[in-house]
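The values are calculated or read from the model by the stated rules, or taken from the named source; none is laboratory data. Bear in mind that the values here come from a model prediction, so they are computed numbers and not experimental data. Counting neighbours? That spans all protein chains shown, and the Cβs are built from the backbone with ideal geometry, glycine included.
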């Protein structure tokens, strides 16, 4: 058998046909040809049947906008045998299926999340057994001209057969005439000679979603040219994102699937009994688990560098936005309660006392998202609040923030989440914040869709905090460090980079002026994740360094010591306008996934230039290199940790209970 496998990737050539008007005669005639081709394939005497193999991955993870990487919960690997017989008989057999849970979950996938689309969805698109998308008319289905608008955008050249061959295609944008009804949104690529479907990149109108938890569904179907005649499934990708319907917790769960279909064999003799029963069957559990997969369950993630959206999914997002104008894409409610973290509801610390708050999220139009928060500090007897307006377009996404009396934390390394700090402060033992308050506004421009580069402008007024909960000077809380008060104007730049050996780096640069103090601050935070191939251990290595000029405001200086930096030394006892810190840890599972043994070490130093610190700081630099070593336990999928560390070159013993880094922003 001769076949040509399409990569469905644009070549260097280019737009050869200017965009036409919506629903003009040319695109209408093209859609009629495409509809006729779909019907003729089912009765083509030269194509009576085929069988093929499909291999795929399905990932379930949670994401938060402020995190650089999503958190993987579960990975599945699937092997399918695929059968088709004219005119429209289909069958799929799940012959291999295995999964790996990284975090506890009871998720059960709909069957179509574990299978492939064999006929470009037929005349109607249905997902999740009808629980996700009930029934949406296909853009090349019967009578689609009455439901959709079509626009011929471009004539492109796609390469296939690993770049050895080319095919000319038409790019057709599709949008519903009524956005308040279920409908298809996206782009269809049609073979210029045959008008057969080569690729579809699409999403849906919000009215299409049956499940109120659905934020969006994005799909890319890519076909390949077989026998120089038939466009049949080759690669398929799906992304399904959910959030809580009435609460914007700045997090969502995502199912992302990717399947490759290959090894076609045409006009084979397929018994009638093969197509009896439901369209999807499976071998026994033992046979599925024993299937000899050619690749590891995490190999695809390692090759793509993590769970960031693939270029294909980025392309789907961009193409859908081109046709929606100002319409809302999300299936979530336009008005929801908003919490960035659990501590937004209630928290306690020595600068605010008891704080109570909440917020609201509003999506007034398709590319605009507004989040407001407000709260009241009983200890200060004052309110605080913020509003954030984000434009979610492609290219560069702007975010405008305005805030009043938001609490900041000096030091660079958070010692505890605000929820952990609340528990510790209420017990009267430790308050891990070094707080001050900010009033002002900022504008941030982020490169989309990756968000790897961001540029910002800020104007703020900084105010020192004070202890509002201690009744006497004998309190066990650390004194509140004062800051250099005044008006601040600053420029911020941040970037995320990939490093060799699968490392990652985050770079931050800030320059500005507060009062009569000019300053420039630079910070680099790098990390490498390591793992034994057989899961015998995992590890992390991190290197962080920062510098700011000696005359800079005190709130730009760095503080290390104690939990999350140098355990066993007094908390944030070392101050510097420059510092470095190296951390390494490893975990060996002893009762996976519930208990593991941890070992860690850290070394670092601070350097204090010729500058005067505000009253109450009093602590010098580290006076050389300081270090820590320790052991601990990893509990429950490494979601919680109990560590005991010993300070080296001074210091003593310290016990630390904490949540894992990937969950700290939730607190």
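Odds and ends about this structure:
- Candidates 602, 584 - the one that is modelled with pLDDT of 95 or more, within 17 Å of residue 414 (Cβ to Cβ) and either surrounded by 16 or more Cβ atoms within 10 Å (Cβ to Cβ) or assigned by TED's automatic domain parsing to the domain that holds residue 409 (or both): 602
- Of the strands (runs of 3 or more DSSP E) lying entirely inside the stretch 526-606, those containing at least 3 residues that are farther than 23 Å from residue 483 by Cβ and touching a residue at least 40 places away in the same chain (Cβ under 8 Å) span 538-548, 578-591.
- Options 495, 490: the member that is over 20 Å from the mean Cα position of the chain (by Cα), part of a strand (DSSP E or B), surrounded by 14 or more Cβ atoms within 10 Å (Cβ to Cβ) and not assigned by TED's automatic domain parsing to the domain that holds residue 588: 490
- Residues considered: 639, 649. Of these, the only one that is surrounded by fewer than 17 Cβ atoms within 10 Å (Cβ to Cβ), over 20 Å from residue 568 (Cα atoms) and assigned by TED's automatic domain parsing to the domain that holds residue 603 is 639.
- Qualifying residue in the stretch 446-465 (condition: surrounded by fewer than 17 Cβ atoms within 10 Å (Cβ to Cβ), modelled with pLDDT of 85 or more and in a helix (DSSP H, G or I)): no
- Residue in the stretch 4-22 that is assigned by TED's automatic domain parsing to the domain that holds residue 310 and at pLDDT 85 or above present: yes
- Some residue of the stretch 219-236 being over 14 Å from residue 120 (Cβ atoms), touching a helix residue (DSSP H, G or I) at 6+ places or on another chain (Cβ under 8 Å) and in the same structural domain as residue 125 (by TED's automatic domain parsing): no
- Matching entry among 655, 650 (being farther than 30 Å from residue 485 by Cα, over 39 Å from the mean Cα position of the chain (by Cα) and either at pLDDT below 95 or not in a strand (DSSP E or B) (or both)): 650
- Test set (1) within 25 Å of residue 562 (Cβ to Cβ); (2) touching a helix residue (DSSP H, G or I) at 6+ places or on another chain (Cβ under 8 Å); (3) in contact (Cβ under 8 Å) with a residue 60 or more places away in the chain - residue 470 fails condition number: (2)
- Meets criteria (surrounded by fewer than 16 Cβ atoms within 10 Å (Cβ to Cβ) and not assigned by TED's automatic domain parsing to the domain that holds residue 661) for residue 509: no
- The set of residues in the stretch 341-369 being without any contact (Cβ under 8 Å) to a residue 24 or more places away in the chain and surrounded by fewer than 17 Cβ atoms within 10 Å (Cβ to Cβ) consists of 345, 356, 358.
- Helices (runs of 4 or more DSSP H) wholly inside the stretch 230-325 containing at least 2 residues that are loosely packed, with under 14 Cβ neighbours inside 10 Å: 285-289, 299-304
- Count - residues of the stretch 570-583 that are within 33 Å of the chain's Cα centre (by Cα) and more than 18 Å from residue 649 (Cα to Cα): 1
The rows are residues; the columns are (1) within 19 Å of residue 23 (Cα to Cα); (2) crowded, with 22+ Cβ neighbours inside 10 Å; (3) in the same structural domain as residue 236 (by TED's automatic domain parsing); (4) modelled with pLDDT under 95.
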| site | (1), (2), (3), (4) |
| --- | --- |
| 153 | yes, no, yes, yes |
| 156 | no, no, yes, yes |
| 159 | no, no, yes, yes |
| 162 | no, no, yes, yes |
| 166 | no, no, yes, yes |
| 178 | yes, no, yes, yes |
| 190 | yes, yes, yes, yes |
| 194 | no, no, yes, yes |
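- Members of the stretch 271-290 found to be at pLDDT below 90 and in contact with a helix residue (DSSP H, G or I) (Cβ under 6 Å, 6 or more places away or on another chain), listed by number: none
- Of all the listed residues (408, 456), the sole one being at negative phi and in contact with a helix residue (DSSP H, G or I) (Cβ under 8 Å, 6 or more places away or on another chain) is 408.
- Conditions (1) touching a strand residue (DSSP E or B) at 6+ places or on another chain (Cβ under 7 Å); (2) under 29 Å from residue 243 (Cα atoms); number of the one not met by residue 314: (1)
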